[in-house]
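Quick notes on the structure that follows.
The values are calculated or read from the model by the stated rules, or taken from the named source; none is laboratory data. In this text, all values refer to a predicted model and were calculated from it rather than measured experimentally. Cβ sites come from the backbone with ideal geometry, for glycine too, and all protein chains shown count toward neighbours. Protein only, heavy atoms only, side chains kept; ligands, DNA and RNA dropped before computing areas. Shrake-Rupley method; radii C 1.70, N 1.55, O 1.52, S 1.80 Å.
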Amino acid sequence: MVGGYMLKALRVNLSKLKALIQGVSERFAVEFIGGRGWGAKILYDEVESWVHPFSPENKIVVAGGPLSGLTIPCSGKTNFSTISPLTNLYGDSNAGGKFSCELKKSGFDALIIEGSAEKPVILVVDDGRVSFKDASTLWGMPSLDAEKALKEELGDDFQTAVIGPAGENLVKYAAITCGGRQAARCGVGAVMGSKRLKAIAVRGDKPIPEAEPESLKEMFREAVRWIINHPAFNLWKRQGTMQSVNWANEVSCLPTRNFQEATFEDFMKINGDSMEASTRLRNKGCHLCPIRCGQVNRVGDVVVEGPEYETAAMLGSNCALSSVEDLVYANYLCDQYGLDTISTGNTIAFAMECFERGYLTKTETDGIKLRFGSVEALNEMIRRIAYRKGFGAILAEGVRVASVKIGHSSERFSMHVKGLEISGYDVRAAPAMALAYATADIGAHHNRAWAITYDLKVGRETYGEDKVRWVIYLQHIRPMFDCLGVCRFPWVELDLDPNYYAKFYTYATGLKTSLEQLLARSEKIWNLTRLINLRRGLRAEEDWLPARVFEDPIPSGPLKGLTLNREAFTQMLKKYYELRGWDERGIPTRAKLEELGLLDAPSLTS
Ligand code: SF4
């Protein structure tokens, strides 16, 4: 039998409060790797194109990957795939921690959650035994408190995935919290809320099969040696991704005041150094992670894991917040309410710009002076969004819908792609990163292709084919990690050779597999999510960016005056379709689907 996989999925119907154990075919497991690959294929096969994201017919596929929980560094990622309420397209998001490890030890590679419970429930999977608990005492409870309460009740050996008030109130960018870490993008928490599923708790004692355990251990030692001897290792331990604030400001890609500026005059007040000097308590890591990039911070009597760079950029500079203490507290509020800090910061910054332009007045904003830099306005708006109170109900729909409701042509600076709020990079002088955002399957998220470092390497104003090829390569290799169930940081930040992951896969499963083979499967999955999106009505025009990046020059700093060149970018996009084997409407050709083996791909049990 193939190792790494449990070859079992647990299908849970919340409408009937019933669970069914299904055997998973080896061919399916291998062809779609795991994590987001499994999620995409199950949604493609089982969710009709007309299904509303909040309908009981929508599903959530929760899955680690074949490397989750094994003797492999950083192998605790859990992926949540669903139809996103923000984009109405395929969506996924992942969290670190250990949830997927316990899920596998409980006997399952994946949970397939369908239906909708009549009353709030908690799904408990205890070493393969399934039960449903009444969630009425937890419903309404903030995420971090709910996780604590659940562990107190069930035991510390359970790993949990919970939603907060934002998920319960169907805020379109609600997050799922796993051990204090967030699967935050695409509104996966809102879909969980629509199913009245407050929490999932898992634990298990079963061994996860490994084909060559001694080889895995040897590779583990080698990889850890590489990681801890890397020159950047210590800074990663001390600051995690917060170290990137300085870099982003220096290279003019730090979103500031709703992406109007690309540098922030107070960046030193919200960077990793200020965090270390004032709020940082310790670091924290996921399963078998030597890096432990998570930063635990304290303000007053509040303790929270975070912020990360993305949070500093979107709640910090993008809302013009000038204090790391305020940043930590806003991060805490988002985590407690169960909100994505990226979408929250993006959407509130948009509203702040509307207010400052006079498109909104205090009458519309519930009496709040929604000005950049106002921590009171920011925190109050976070609360209002989570509870859909007053003006918060408009922002709870996401920036795309909010701009339609506010009008005044505000969609030209409504910073999203396909409905997903743009994360922490200004792309006016970064054509490769712009292409990555425009073409990402879930909307504008950097984790699909963090191409900005290539822009820095080869030129901020070049639009060549090399950039298109690099974006496509990244769109295969980065999501590959989300399929395997491991963190990408050892590779992308600490230069661990990606061939290690092919070897880990080979030793875990017993199937000799090269990096090229894994990348080919990841390409297949990329085309599959494209098919889901096309089936749900996606048009090529949506592979595009807000007008601001083409029309509003960077106003200050070393790159003053630059915008993205519309004509050159259009040519890049055409080349992207061509190199992908898609037609001019962005539809994969039949020949491409045949080449990828998507026309006769296996389903979960076949
Ligand atoms: S590097 Fe950070 S995100 Fe990645 S596994 Fe380690 S602690 Fe988790």
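The residues in region 305-315 that are open to solvent by less than 20 Å² (accessible area, probe 1.4 Å) and either away from the ligand (no atom under 15 Å from the Cβ) or in a loop (DSSP other than H, G, I, E, B) (or both) can be counted, and the count is 6. Residues in region 378-417 that are of a type outside the set (Val, Ile, Thr) and open to solvent by less than 10 Å² (accessible area, probe 1.4 Å): 14 in all. Has region 164-176 got any residue that is farther than 26 Å from HIS416 by Cα and either touching a helix residue (DSSP H, G or I) at 6+ places or on another chain (Cβ under 6 Å) or outside the structural domain of LEU511 (by TED's automatic domain parsing) (or both)? No, there is no match, as no residue in region 164-176 is farther than 26 Å from HIS416 by Cα and either touching a helix residue (DSSP H, G or I) at 6+ places or on another chain (Cβ under 6 Å) or outside the structural domain of LEU511 (by TED's automatic domain parsing) (or both). Annotation: LEU170 fulfils all but one of (1) at positive phi; (2) buried (at least 24 other Cβ atoms within 10 Å of the Cβ); (3) assigned to a loop (DSSP other than H, G, I, E, B); the unmet one is (2). Considering region 240-296, the residues that are of a type in the set (A, V, I, L, M, F, W, C), at negative phi and open to solvent by 50 Å² or more (accessible area, probe 1.4 Å) include one that is nearest to the ligand (Cβ to nearest atom), namely LEU281.
Quick grid of which residues meet (1) more than 16 Å from the ligand (Cβ to nearest atom); (2) buried (at least 24 other Cβ atoms within 10 Å of the Cβ):
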site: GLY39; (1), (2): yes, yes
site: TRP50; (1), (2): yes, no
site: VAL62; (1), (2): yes, yes
site: GLY65; (1), (2): no, yes
site: PRO85; (1), (2): yes, yes
site: TYR90; (1), (2): yes, yes
site: SER93; (1), (2): no, yes
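Does HIS476 satisfy being under 25 Å from CYS286 (Cβ atoms) and away from the ligand (no atom under 16 Å from the Cβ)? Answer is yes for this residue. The single condition from (1) touching a Phe, Trp or Tyr at 6+ places or on another chain (Cβ under 9 Å); (2) closer than 19 Å to GLN295 by Cα; (3) touching a residue at least 60 places away in the same chain (Cβ under 8 Å) that ILE208 fails is (2). Of the residues making up region 95-112, those that are small (Gly, Ala, Ser) and more than 16 Å from the ligand (Cβ to nearest atom) are SER106, GLY107, ALA110. In this structure, is GLU261 at pLDDT 95 or above, more than 25 Å from the chain's Cα centre (by Cα) and of a type in the set (Asp, Glu)? Judged against the criteria, GLU261 is not a match.
Scanning region 67-78 for residues that are closer than 22 Å to VAL125 by Cα, open to solvent by less than 20 Å² (accessible area, probe 1.4 Å) and in contact with a Phe, Trp or Tyr (Cβ under 8 Å, 6 or more places away or on another chain) returns LEU67, LEU70, GLY76, THR78. Could you say whether any residue in region 214-224 is buried (at least 24 other Cβ atoms within 10 Å of the Cβ) and in contact (Cβ under 8 Å) with a residue 24 or more places away in the chain? No: zero hits.
So is GLU147 at pLDDT 95 or above, farther than 20 Å from TYR332 by Cα and either open to solvent by less than 10 Å² (accessible area, probe 1.4 Å) or away from the ligand (no atom under 16 Å from the Cβ) (or both) or not? Taking the combined requirement at face value, the residue does not satisfy it. Listed here are the helices (runs of 4 or more DSSP H) enclosed by region 503-581 that have at least 2 residues being aliphatic (A, V, I, L, M) and closer than 30 Å to ILE208 by Cβ: 515-535. For region 174-195, the criterion of being part of a loop (DSSP other than H, G, I, E, B) and farther than 21 Å from LEU103 by Cα is met by none of the residues.
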